[in-house]
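Colleague: Provided herewith is a single structure, encoded as structure tokens, for subsequent inquiry.
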Amino acid sequence: MSWFRIAYVSVILSATIATSGCVRPLLAGAGGDHLVEEMSSIRLEPIPERLGHYLVNELAFALKGSRETSEKYRLIISLSQRIQTPIVDTVSGRATSTTVLVDAEYRLRLIGSEKDVASGVAFTMISYDRTSQRYSNIRAGKDAEVKAARALSEQIRMKLISDLIARR
């Protein structure tokens, strides 16, 4: 190993150790326990279609984890999914890639009320390559939907945290 690599690794290691105490989890301290409880009290309304199922599962884990609390809010999400094939093989006329575009409009309401506590929009787009094998294309499309659900789940979770903090 060259002296340059050793010096580089030691500088990176030193910087990592020096800043390790500077990072604090988003929900830690300053009422974070209350916020965790608020997030876990959100009831997720069912969303139709396969992508909706994936999104509900991701959000259930992100918001509640394994905690069981009384429900205070309900989260209503409507999805809009589009598929584009931006690249087409000129010889065969087949798409060589596909992009899945998903918009999620959400509304957080108090249970028993029609008043929105929070609302917003999340957006993601996931691309995947297509081949001449049909099963591979189907599997890649499902994997893209799972990735889109994870991305939307994280966006919605972060926006809800922000909205609930601002509401306090």
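Colleague: Can you tell me which residue is surrounded by the most Cβ atoms within 10 Å (Cβ to Cβ) among those in region 81-108 that are at pLDDT below 90 and of a type in the set (D, E, K, R)?
Modeller: Checking each candidate, the answer is Arg94.
Colleague: Here is a follow-up. Would you mind stating whether Ile111 is surrounded by fewer than 16 Cβ atoms within 10 Å (Cβ to Cβ) and of a type outside the set (Lys, Arg)? Working first, answer last.
Modeller: Numbers: surrounded by fewer than 16 Cβ atoms within 10 Å (Cβ to Cβ): yes; of a type outside the set (Lys, Arg): yes.
It is true that Ile111 is surrounded by fewer than 16 Cβ atoms within 10 Å (Cβ to Cβ) and of a type outside the set (Lys, Arg).
Colleague: For residues in region 141-168 being of a type in the set (A, V, I, L, M) and without any contact (Cβ under 8 Å) to a residue 40 or more places away in the chain, which is surrounded by the most Cβ atoms within 10 Å (Cβ to Cβ)?
Modeller: Start the filter on region 141-168 by keeping residues that are of a type in the set (A, V, I, L, M), which leaves 144, 146, 148-149, 151-152, 156, 158, 160-161, 164-166.
Remaining after also requiring without any contact (Cβ under 8 Å) to a residue 40 or more places away in the chain: 151, 158, 166.
Details: Ala151: 19, Met158: 13, Ala166: 8.
Checking each candidate, the answer is Ala151.
Colleague: Can we say Asp89 is among the charged types (D, E, K, R) and in contact with a Ser or Thr (Cβ under 6 Å, 6 or more places away or on another chain)? Can you show your working first?
Modeller: Details: among the charged types (D, E, K, R): yes; in contact with a Ser or Thr (Cβ under 6 Å, 6 or more places away or on another chain): yes.
So Asp89 passes the test.
The values are calculated or read from the model by the stated rules, or taken from the named source; none is laboratory data. On a predicted model such as this, the values are computed, not experimentally measured, just so you know. Backbone-built Cβ (ideal geometry, glycine too); neighbour counts: all protein chains shown.
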